[in-house]
Amino acid sequence: MTRIQKEKQDIILEAALEVFSVHGFRGSTIDQIADVAGMSKPNLLYYFPRKEEIHRRLIAALLDTWLAPLRDFDEHGDPFTEIRSYIRRKLEMARDFPRESRLFANEMLQGAPRISEMIEIDLKALVDEKAQILLTWMDQGKLARTDPYHLIFSIWATTQHYADFDVQVRAVLGKGRNGEGRFEDAARYLEQLFMHGLAPKPRGNGSAGS
């Protein structure tokens, strides 16, 4: 692929991200993507003959980026440092990649028909691996006992909310609090929420007297 061809593909993918994140896969058309990309439909079809190919390319790249913070979850690190870092990195992604988050959410809402293999194999394997790390920390008494899968789901839900429901968040917070600082406010709150809930409970020093 020449440099110009690569640039053309990048322009198409950027335009498709904009269109898909607003209209979803079913509501988007090749004509819309070509219009946003500033090129003719035949020119676009030269690089991507089908809408499905553009969408799958975007989703594959998104998953790779989206899962990077979870891949970096280090079993040799301090549990609270690792979880705190994961929360913050997920919030940074919600701040920096809102369109990508909405693209992924739209695909999930439609039943993930185009990426079911990715989530059933690649994503599941990664979550299984990290859930085992969390369980090990719990067995070692470093974290309070809880369901590691639902812990991961909860972090996903609370952090990605700030991308997927950004309009709602900003409207409710109001003009005084809906700037970039809202992500730092969210980070501090979520750290407190999860760190408090995961703190190991002190063991009793013996049975209570009668």
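What follows draws every value from the coordinates through simple rules; no lab data is involved. Quantities reported herein were computed from a predicted structural model and do not represent experimental measurements. Every residue, glycine as well, gets a Cβ built from its backbone with ideal geometry; the counts of neighbours run over all protein chains shown.
Numerical summary
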{"quantity": "0 to 90° range, to nearest 10: angle between helix 79-96 axis and the chain longest Cα axis", "calculated": "30 degrees"}
{"quantity": "Of Gly179, Leu109, Pro200, farthest towards positive along the dipole that unit charges on Lys, Arg, Asp, Glu beta carbons give the chain", "calculated": "Gly179"}
{"quantity": "Simple Cβ-charge dipole of the stretch 113-190, Lys/Arg +1 and Asp/Glu -1, about Cα centre, in debye nearest 20", "calculated": "420 debye"}
{"quantity": "Test item: Cα-centred dipole of the chain, Lys/Arg +1 and Asp/Glu -1 on Cβ, debye", "calculated": "420 debye"}
{"quantity": "Rounded FRET efficiency, nearest 0.05, which uses the C-beta distance separating Ala144 from Met1 and R0 of 41 Å", "calculated": "0.20"}
{"quantity": "Convex hull (Cα only) mean projected area of the stretch 119-210, reported in nm² to one decimal", "calculated": "9.6 nm²"}
{"quantity": "Whole-Å semi-axes of the ellipsoid equivalent to the chain (Cα gyration tensor, √5λ, descending)", "calculated": "40, 20, 14"}
{"quantity": "0 to 90° range, to nearest 10: angle between helix 124-139 axis and the chain longest Cα axis", "calculated": "20 degrees"}
{"quantity": "R0 of 35 Å, Cβ-Cβ distance Gln9-Phe165: FRET efficiency to nearest 0.05", "calculated": "0.65"}
{"quantity": "Cα-based Lys pair tally, the chain, threshold under 28 Å, eight or more apart or on separate chains", "calculated": "15"}
{"quantity": "Net charge, Arg88 excluded, C-beta distance under 13 Å - Lys, Arg +1, Asp, Glu -1", "calculated": "-2"}
{"quantity": "Computed FRET value (nearest 0.05) for Ser40 with Asp64, which takes r as the C-beta separation and R₀ as 25 Å", "calculated": "0.25"}
{"quantity": "Once exposed loop GluC sites (Glu not before Pro) are cut out (DSSP; at most 13 other Cβ, 10 Å), longest piece of the chain", "calculated": "76-179"}
{"quantity": "Cα-based helix-to-principal-axis angle, 98-109 vs the chain, degrees rounded to 10", "calculated": "80 degrees"}
